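The values are calculated or read from the model by the stated rules, or taken from the named source; none is laboratory data. As the structure is a prediction and not an experimental result, all values here were calculated from the model. All Cβ positions, glycine included, derive from the backbone under ideal geometry; neighbour counts span all protein chains shown. Surface accessibility is based on the protein's heavy atoms, side chains included, excluding ligands, DNA and RNA. Shrake-Rupley method; radii C 1.70, N 1.55, O 1.52, S 1.80 Å.
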Amino acid sequence: MSPQASPQASARPVGARATGSPSPGQAARARRVKLTVSRVDPWSAMKMSFLISVALGIAGVVMVAVLWMILSGMGVFSEVNRMVGTILSDSENPFDIMDFLGFGRVLSLSIVIGVIDVILMTALSTLGAFLYNICSALVGGLQLTLTDD
């Protein structure tokens with residue numbers, strides 16, 4: 001038999017499934033493909049890690065702001081002020097926790113930590129891509145098996 005025995009089989013793109021149900025003697029099988037990740041582009045790793053770390057930094061700043069507002073609404077800071085005031089009982093220099101944990105100070109500190117996080121995560125993932133490429137050249141890369149269900 002020739003390789004193109006059926007005109008219907010040659011009209012279908014490679015990898016496309018035939019329409020209809022399989023014949024009784026033919027069971028539907030999942031296709032398995034082995035692939036190897038032999039190289040990671042450092043530029044694309046840097047771009048993706050930058051975007052992900054910016055998103056995580058923004059989420060962290062929002063999380064800190066919401067947590068501060070919840071604690072303030074529950075009266076935690078005023079309760080700490082009252083408790084420390086009774087322990088110290090210093091009338092000349094009253095203790096106020098808002099001097100240390102004010103909303104502006106906490107938010108600006110979380111922004112600084114977010115910016116440092118963006119810089120570090122971007123640099124480390126780019127360095128990781130370079131290191132992966134070096135190791136992949138030595139041992140052949142990461143092998144994946146993908147199935148088509």
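Some points to look at:
- In segment 125-149, the residues that are touching a residue at least 12 places away in the same chain (Cβ under 8 Å) and either open to solvent by 90 Å² or more (accessible area, probe 1.4 Å) or of a type in the set (Gly, Ala, Ser) (or both): Ser125, Gly128, Ala129, Phe130, Ser136, Gly140, Gly141, Leu142, Gln143, Asp149
- Among the residues listed as Ser110, Ser78, Ser44, the single one being part of a helix (DSSP H, G or I), surrounded by 15 or more Cβ atoms within 10 Å (Cβ to Cβ) and small (Gly, Ala, Ser): Ser110
- Residue in segment 81-100 that is least open to solvent (accessible area, probe 1.4 Å), counting only those that are closer than 26 Å to Met69 by Cβ, not hydrophobic (A, V, I, L, M, F, W, C) and not in a helix (DSSP H, G or I): Asp96
- Looking at Val112, Val106, Val118, just one residue is in contact with a Gly (Cβ under 8 Å, 6 or more places away or on another chain) and aliphatic (A, V, I, L, M), and that residue is Val118.
- Matching residues in segment 83-134 - criterion: being of a type outside the set (A, V, I, L, M, F, W, C), within 28 Å of Met63 (Cα to Cα) and in contact with a Leu (Cβ under 9 Å, 6 or more places away or on another chain): Gly114, Asp117
- Ser49 being closer than 30 Å to Thr145 by Cα, surrounded by 11 or more Cβ atoms within 10 Å (Cβ to Cβ) and at pLDDT 90 or above: yes
- Within segment 64-75, being surrounded by fewer than 12 Cβ atoms within 10 Å (Cβ to Cβ) and under 30 Å from Leu124 (Cβ atoms) holds for one residue alone: Val66.
- Subset of segment 101-124 (residues that are among the polar types (S, T, N, Q) and farther than 16 Å from Trp68 by Cβ): Thr122
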